[in-house]
Amino acid sequence: QVVGGKVKKPGKRGRKPAKIDLKAKLERSRQSARECRARKKLRYQYLEELVSSRERAICALREELEMYKQWCMAMDQGKIPSEIKALLTGEELGKAQQNSTKLAKAGKTEANSSNL
């Protein structure tokens, strides 16, 4: 076949594969394998850290659950645990402080409106 003044051979179209240096190809393959192993190692380290942090969280939650179970058993026996007493008195103090703050703000607002 003659196309544009050039003789073309029938067969595959496109670029002919250049002769690739076998040593360079092997080196690229080794480098790629090294990078793959490094990525895999990082991925496993990340997953191990994630698992250990979740395990710590589970242990903390189990301890908290056990504490609540003990509180419930104590209350079933008619005893109020000191921690709950502290929480209740702390909440009562917090509510009293909030109410006093609201009253003080309301008093200031009334004083300002009477001055106008």
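Quick note: the coordinates plus some simple rules give every number you see, no bench work behind them. Just so it is clear, the model here is predicted, and its values are computed rather than measured. We place every Cβ from the backbone using ideal geometry, glycine too, and count neighbours over all the protein chains shown.
In whole Hz, what ³J(HN,Hα) sequence does segment 37-54 give by Karplus (6.51, -1.76, 1.60; θ = phi - 60°), x for Gly and Pro?
For segment 37-54, the Karplus-derived couplings read 5, 5, 4, 4, 4, 4, 4, 5, 4, 4, 5, 5, 5, 5, 5, 5, 5, 5 Hz, x marking Gly and Pro.
In nm, give the distance between the simple-model label positions of T89 and R28, each being 7 Å from the Cα along the Cα-to-Cβ direction.
7.7
What nm distance separates the two modelled labels at K69 and L42, each placed 7 Å from Cα along Cα→Cβ?
Result: 4.3 nm between the two label points.
Express in % the proportion of alpha carbon pairs of segment 22-88 at distances exceeding 13 Å.
76
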